[in-house]
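Have a look at the structure below before the remarks.
The values are calculated or read from the model by the stated rules, or taken from the named source; none is laboratory data. Remember, it's a predicted structure, so these values are computed and weren't measured experimentally. Here the Cβ positions follow ideal geometry from the backbone for every residue, glycine too, while neighbour counts run over all protein chains shown. Please note that ligands, DNA and RNA were not included when accessible areas were found on the heavy atoms of the full protein model with its side chains. Shrake-Rupley method; radii C 1.70, N 1.55, O 1.52, S 1.80 Å.
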Amino acid sequence: MKKILALLLALVMLVGTLAGCTGEPQSGDPAGSQTQAPTTTDGSGAPEPTQDQPDTAYVDAYKSTFSESITSMNPYCTGGTSEYIFIANIIEGLVETDKYGRSVPCMAESWEANEDFSVWTFHLRPDVYWVDCNGETTEYKVTADDFVAGMRYIAEPNHSASSLSTIRGIIAGLEDYYYNLVDIDDGKDIGKTREEVLASFDETVGVKALDEYTLEYTLTGPCPYFLSYAQLDLTLPVEQAFLDEVGEDYGLSREKLLYNGGYYISAWDLDKQFVMTKNEHYWDVDSLTLNTLQWEFISDSISKLEMFQRGNVTAVSLGSEEVASIRGGDWEDYVYLSEKTVTTYWYCYNFASKNPELASAVQNENFRKAIFTAIDAVTLSAIWEPNDPAFFCRYTLLPENCMFDDEGKDYIDYGRLKEYKETDPFNTEKALEYMKAAVAELCEADGVTLKGVTPGKVDMLPITEFDVDGKLPIDIVYASGSSDTEMKKATLVKNMLETYLGKEYINVILGYSSNSFSAEVLDLGNWDICDDSYGFRYADPSANLNRCTSDYDICGSSYDIPEYDAMVAAADATYDIGARYAAYAEAELYLLDHAYIKPYMSGGGSYNMTRLVPYSTPGGYFGLGRYKMKGALIQETPVTSEQHTQLKEQYDAEKAALANG
């Protein structure tokens, strides 16, 4: 059992950003690859940081900007990933990550799981006090009860906790508790009063304070990757007595928060500035290299590039025009390209389309394979990265350099997934072959009339409306947003499909949302094919593959794939790490081989300049740890492209040594 335990926990946080759409950021994530995290840990074994150079001058403040009023810092109700950098630095959870993305102690000094990983016990560090907005210690210690209070807070539907669905089905009893309250609020009689349900929390929901500093989570089933969940905002603590005192004003001002993180909010002017100051009572204060984190309010018209060049901000992301403007000048030496993220972009089909021609054709595997091989991912990636577009192409559903077994083998290298990772499926000859095979199967003997398709009008307003005649070419509605890049991408895909598959077989109708893509396209089913970005919230294949089942249907495709569903169910019930990865790899291969989903690009890929030394802060792709500024080294002068390359090579070597050690 001990060997299996070690193997299983290799998947917890081994990394090199809710809903169908990603909740993760598309750029600016620290690059990194995680290595094995032990079941029980004291945080030892990490190589010492090596970025600090004796001849380099550093500053003690991080500087950035914001352009919309910051109205709330409620850690459970964040409006988006842009707020995570605030939350991560003021409130600490159970675990965090080191610069390699490995799970290491934070509020929890150590932890262990039972044999089937369905019960996790965390041992908190004693005598850590909450501080107020002046950085003074309060009467309140951070205890196990505070983590229970945090779970009770997000379980209240009226609090509208962000992305609660991520964890609602993981904690035993949480989903039933939550929906009992929802039903009562909707006027349904469930045989209990709201007060009775609220009073049942301690007995029915699987989070308990065993004593002042021991916290236990009971899960709905085995979950060897629970440490990924333990780094989310949904598992943060809150002091119940303080929460009762401030009520609905919790998080609406700096005075209405308590802080146990590295910083506290010392200034909060809605349209002027936002400042965090070092918490001198922080449990790991010696690791804090910065005294302040500062944000200045600016209008959208202000050039952040000019602010960076003046030294007013620590880092800046560059648009294509800005990159072009500094080509050939002194500032070109400081531009670097960000790494890939775990976010994956993919195309999917609407199997319940209002368009009878597509609804019939999409059931045909050769038709799906024709589109799968006719879309040129490199050309699409070039919209964002013209210099090296192939670098950001991704041909698997799950990301590479994200999950490793105990021997350092990447999940993406299991089975034939490695072939997909290394091979661009774009092939115009095969695409046309698949299309001709599909036509032969879809059409009557005349080779033109589509079997079982009734002519009529297709109403996809406000996106489009058109008539179908039940004959070739097959009409396909490509639904898209209306930004310049989205419209350019849509036009490229239309040209690819009509050129490589033949206009005699395919007619792509472009439809654009004018306001909300979700409301005008997805909610109304006004699409045949569209793409979206999908984040990856914890370090296990189930994070996204379980969401691609027929019942969950992350894409909203309305497909029915019982073979895939059975493969996922079997994989999810397998806990030996190698066997688990192999089983999930076969399930992913089923979706790819049968062309149900077409992945084509990773997130990331922005051009940047920075004074923040790369890899000096916590790394990884999951949870709040990657947003912390702990350990940050900020140079007086910008990081050069050459320095960035050298640091990456050094980081990769250290990461490889960890994997081999």
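Residue check: is ARG611 open to solvent by less than 20 Å² (accessible area, probe 1.4 Å), farther than 16 Å from SER550 by Cα and not polar (S, T, N, Q)? Step through it out loud before you land on a result.
Values: open to solvent by less than 20 Å² (accessible area, probe 1.4 Å): no; farther than 16 Å from SER550 by Cα: yes; not polar (S, T, N, Q): yes.
It is false that ARG611 is open to solvent by less than 20 Å² (accessible area, probe 1.4 Å), farther than 16 Å from SER550 by Cα and not polar (S, T, N, Q).
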How about the range 493-525: which of its residues are over 15 Å from SER480 (Cβ atoms), outside any loop (DSSP other than H, G, I, E, B) and open to solvent by 10 Å² or more (accessible area, probe 1.4 Å)? GLU498, THR499, TYR500, ASN507
Is there any pair linking a residue in the range 218-229 that is among the charged types (D, E, K, R) to one that is part of a loop (DSSP other than H, G, I, E, B) and open to solvent by 10 Å² or more (accessible area, probe 1.4 Å), with Cβ under 8 Å and at least six apart or on different chains, and which? none
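Take the range 551-605 and flag every residue that is of a type in the set (Lys, Arg) and either over 16 Å from TRP346 (Cα atoms) or in contact with an Asp or Glu (Cβ under 6 Å, 6 or more places away or on another chain) (or both).
Residue satisfying the conditions is ARG580 alone.
When you scan the range 583-604, do you find a residue that is over 29 Å from ARG368 (Cα atoms), in contact with a Pro (Cβ under 7 Å, 6 or more places away or on another chain), crowded, with 22+ Cβ neighbours inside 10 Å and of a type outside the set (S, T, N, Q), even just one? Quick ask: steps written out before the conclusion?
The first filter runs over the range 583-604 and keeps only residues over 29 Å from ARG368 (Cα atoms), leaving none.
So far as the range 583-604 goes, no, none of its residues is over 29 Å from ARG368 (Cα atoms), in contact with a Pro (Cβ under 7 Å, 6 or more places away or on another chain), crowded, with 22+ Cβ neighbours inside 10 Å and of a type outside the set (S, T, N, Q).
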Looking only at the range 281-340, and only at residues there that are in a loop (DSSP other than H, G, I, E, B) and aromatic (Phe, Trp, Tyr), the one that is most open to solvent (accessible area, probe 1.4 Å): TRP283
For the range 570-577, does any single residue satisfy the condition of being open to solvent by 10 Å² or more (accessible area, probe 1.4 Å), within 30 Å of VAL508 (Cβ to Cβ) and of a type outside the set (Val, Ile, Thr)? no
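Report yes if GLU245 is surrounded by fewer than 19 Cβ atoms within 10 Å (Cβ to Cβ), in a loop (DSSP other than H, G, I, E, B), at pLDDT 95 or above and not hydrophobic (A, V, I, L, M, F, W, C), otherwise no.
Numbers: surrounded by fewer than 19 Cβ atoms within 10 Å (Cβ to Cβ): yes; in a loop (DSSP other than H, G, I, E, B): no; at pLDDT 95 or above: yes; not hydrophobic (A, V, I, L, M, F, W, C): yes.
So GLU245 fails the test.
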Qualifying residues in the range 361-386 (those that are in a helix (DSSP H, G or I) and among the β-branched types (Val, Ile, Thr)) - the one nearest to VAL521 (Cα to Cα): ILE371
Condition check for LEU358: of a type in the set (A, V, I, L, M, F, W, C), assigned to a helix (DSSP H, G or I) and open to solvent by less than 30 Å² (accessible area, probe 1.4 Å): yes
Condition first: open to solvent by less than 80 Å² (accessible area, probe 1.4 Å), touching a helix residue (DSSP H, G or I) at 6+ places or on another chain (Cβ under 7 Å) and not aliphatic (A, V, I, L, M). Now tell me which residues in the range 412-433 satisfy that. TYR414, GLY415, TYR420, LYS421, ASP424, PRO425, PHE426, ASN427, THR428
Can you name the number of the only condition in (1) surrounded by 15 or more Cβ atoms within 10 Å (Cβ to Cβ); (2) not in a loop (DSSP other than H, G, I, E, B) that PHE351 fails? (2)
Quick one: is PRO455 at pLDDT 95 or above and not acidic (Asp, Glu)? yes
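Just one of ASP528, ASP532, ASP540 is over 24 Å from PRO222 (Cβ atoms) and either open to solvent by less than 20 Å² (accessible area, probe 1.4 Å) or more than 18 Å from the chain's Cα centre (by Cα) (or both); which is it?
ASP528
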Going through (1) under 19 Å from the mean Cα position of the chain (by Cα); (2) in a loop (DSSP other than H, G, I, E, B) one by one, SER616 fails only at (1)
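At least 3 residues that are in contact with a Lys or Arg (Cβ under 8 Å, 6 or more places away or on another chain) in each: list the helices (runs of 4 or more DSSP H) lying fully within the range 115-223 that qualify.
Details: elements: 144-154, 165-168, 174-185, 194-199, 201-204.
It comes to 174-185.
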Among (1) open to solvent by 10 Å² or more (accessible area, probe 1.4 Å); (2) touching a Leu at 6+ places or on another chain (Cβ under 9 Å) - the single one GLU385 does not satisfy: (1)
Being under 24 Å from the mean Cα position of the chain (by Cα), within 25 Å of ASN526 (Cα to Cα) and open to solvent by 20 Å² or more (accessible area, probe 1.4 Å) is the filter here; which residues of the range 555-569 pass it? GLY556, SER558
For the range 387-399: of the residues being in a loop (DSSP other than H, G, I, E, B) and modelled with pLDDT under 90, which is farthest from THR344 (Cα to Cα)? ASN387
